[in-house]
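The values are calculated or read from the model by the stated rules, or taken from the named source; none is laboratory data. This structure is a prediction, so every number in the text was calculated from the model and none was measured. Please note: Cβ atoms are built from the backbone with ideal geometry, for glycine as well, and neighbour counts cover all protein chains shown.
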Amino acid sequence: MRKGLISLCLTTLALSATAPVFAETTQADIDRGKELAYSRKDGNCLACHKMDDGKLTGNIGPELAEMKARFPDREMLFKRIWDETQFNPVTVMPPFGRHMILSKQEINRIIDYLYTL
Amino acid sequence: MLKAKVILVSLGIALAIPQAMAGSTPEEDRKEAVEYFKQMFPDVPFEEFVNGQYALNEDRRKQWESMQDFPPYEFAVAEGQEMFETPFANGKTYASCFENDGIGIRQNYPYFDTKKNEVITLELAINRCREANGEKPLRWKKGAIASISAYMASTSEGKPIDIKVPDNPDAMAAYQDGKEFYYSRRGQLNFSCASCHVQNPGKWIRADFLSPALGQPANFPVHRSKWGELGTLHRRFAGCNNNVRADPLPAQSEEYRNLEYFLTYMSNGLPVTGPATRP
């Protein structure tokens, strides 16, 4: 019963895991994205990725730079942050969307910020 | 964003075993692990692995060596010795519960007790000894039990770890259970122990430098500057579970004892160095 409910929730989430297209990104979106990416209790991306002016960064993952050039497809970038295990089953990158660490909106703000790098 | 800890823990966990430790007997697992880490760190001599992150990082090692003259655990070890030698109310001492009066035996723990059908860790044996002699058990993770365990480890310094998995289905099951725990992803952040200590030793996770699985239990109990005192191995397990937003299990639970059994077996042949210091 409980298991059924959970998998139902997850399926719903997975189905809606695509990135809506945004008309315009504001500076506030970008600032919020940076805040979410840096904060230890949200993205904590710095734990593993060197990026921008982040201090005390880890080196488990690759540096996040030139993001627009390397990830021209926003939806693809979204999917990787949502659940990198779909692309690499043994990755250590947390499945931010699938495990409800970040919401859709939060991932989208982080992408707004990543696209400035 | 809401915490999904409880839901996620109950979900099935994928068991992904990277190169190391995929053998079919404990001894094969161990040999593969040693080979795996040797390839990852070709310049690190085998015995150095007991020093965890200090075996891999020169800067950290220098800081650490500079504090070796006055180790912060010395007082606790002396206190542990005193408790160890002080008779219980019934006149007996801890020595009566252990082989060789409890001196120089750390390297044999944990072991599988084929009569009780369970893994016996040193801390469990200490508390069972107390109870058998009419004393109240000590709290598991720090304080007196860590001091006594530290004293007992100090009398075993340099002895090679010698964990056995007897030819017995229950012992093998306990070992396998610990191994499975080690490779199971858990917590909201979806890490297994192996994600950090097999896949990524030698790397930085934020400001922490990751140590390899090999050698980790050899230096326990450990004095961490973060704790400001000694703590047991199960205290560390709980901390590592917490960090990935997984619910830690109780110290000395069957799961953690089996985990200790597997992890310590991997370190067979490495010298006991506990107690030690860590950040």
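Please determine, by comparing only the residues of segment A:32-53 that are within 14 Å of residue B:205 (Cα to Cα) and assigned to a helix (DSSP H, G or I), which one is nearest to the other protein chains (Cβ to nearest Cβ).
A:47
Here's a check for you: in segment B:195-233, which residue that is surrounded by 19 or more Cβ atoms within 10 Å (Cβ to Cβ), farther than 13 Å from residue B:276 by Cβ and of a type in the set (Gly, Ala, Ser) is farthest from the other protein chains (Cβ to nearest Cβ)?
Here the answer is B:213.
Name the one entry in B:124, B:56 that is of a type outside the set (Lys, Arg), in contact (Cβ under 8 Å) with a residue 40 or more places away in the chain, surrounded by 15 or more Cβ atoms within 10 Å (Cβ to Cβ) and farther than 25 Å from residue B:257 by Cβ.
Numbers: B:124 fails: farther than 25 Å from residue B:257 by Cβ.
So the residue among B:124, B:56 that is of a type outside the set (Lys, Arg), in contact (Cβ under 8 Å) with a residue 40 or more places away in the chain, surrounded by 15 or more Cβ atoms within 10 Å (Cβ to Cβ) and farther than 25 Å from residue B:257 by Cβ is B:56.
Working carefully through the options B:132, B:171, B:153, find the one that is over 30 Å from residue A:99 (Cα atoms), among the aliphatic types (A, V, I, L, M), crowded, with 20+ Cβ neighbours inside 10 Å and more than 14 Å from the chain's Cα centre (by Cα).
Numbers: B:132 fails: crowded, with 20+ Cβ neighbours inside 10 Å; B:153 fails: more than 14 Å from the chain's Cα centre (by Cα).
One residue alone meets the criteria, B:171.
Residue check: is residue A:59 modelled with pLDDT of 95 or more, closer than 17 Å to residue B:207 by Cα, within 12 Å of the chain's Cα centre (by Cα) and within 14 Å of chain B (Cβ to nearest Cβ)? Walk me through it before giving the result.
Values: modelled with pLDDT of 95 or more: yes; closer than 17 Å to residue B:207 by Cα: yes; within 12 Å of the chain's Cα centre (by Cα): no; within 14 Å of chain B (Cβ to nearest Cβ): yes.
Answer is no for this residue.
Out of (1) modelled with pLDDT of 90 or more; (2) part of a loop (DSSP other than H, G, I, E, B); (3) within 14 Å of chain A (Cβ to nearest Cβ), the odd one out for residue B:17 is which?
(1)
For segment B:121-132, does any single residue satisfy the condition of being assigned to a loop (DSSP other than H, G, I, E, B) and charged (D, E, K, R)? Quick ask: steps written out before the conclusion?
Filtering segment B:121-132 down to residues assigned to a loop (DSSP other than H, G, I, E, B) leaves B:121.
Going one step further and asking which of them are charged (D, E, K, R), we end up with none.
No, that holds for no residue.
Which residue, of A:84, A:66, is under 27 Å from residue B:186 (Cβ atoms) and either modelled with pLDDT of 95 or more or surrounded by 14 or more Cβ atoms within 10 Å (Cβ to Cβ) (or both)? Let's see the steps before the verdict.
Values: A:66 fails: under 27 Å from residue B:186 (Cβ atoms).
None of the other options fit; the residue is A:84.
Looking at the structure I just gave you, is residue A:98 more than 26 Å from residue B:203 (Cβ to Cβ), within 14 Å of another protein chain (Cβ to nearest Cβ), surrounded by 16 or more Cβ atoms within 10 Å (Cβ to Cβ) and in contact (Cβ under 8 Å) with a residue 12 or more places away in the chain? Steps first, answer last, please.
On the way: more than 26 Å from residue B:203 (Cβ to Cβ): no; within 14 Å of another protein chain (Cβ to nearest Cβ): yes; surrounded by 16 or more Cβ atoms within 10 Å (Cβ to Cβ): yes; in contact (Cβ under 8 Å) with a residue 12 or more places away in the chain: yes.
In short, no.
Is it the case, given these coordinates, that residue A:74 is within 14 Å of chain B (Cβ to nearest Cβ) and in contact with a helix residue (DSSP H, G or I) (Cβ under 8 Å, 6 or more places away or on another chain)?
On the way: within 14 Å of chain B (Cβ to nearest Cβ): no; in contact with a helix residue (DSSP H, G or I) (Cβ under 8 Å, 6 or more places away or on another chain): yes.
So residue A:74 does not fit the description; no.
Quick check, is residue A:29 away from chain B (no Cβ under 14 Å) and at pLDDT 95 or above?
On the way: away from chain B (no Cβ under 14 Å): yes; at pLDDT 95 or above: yes.
Against the criterion (away from chain B (no Cβ under 14 Å) and at pLDDT 95 or above), residue A:29 qualifies.
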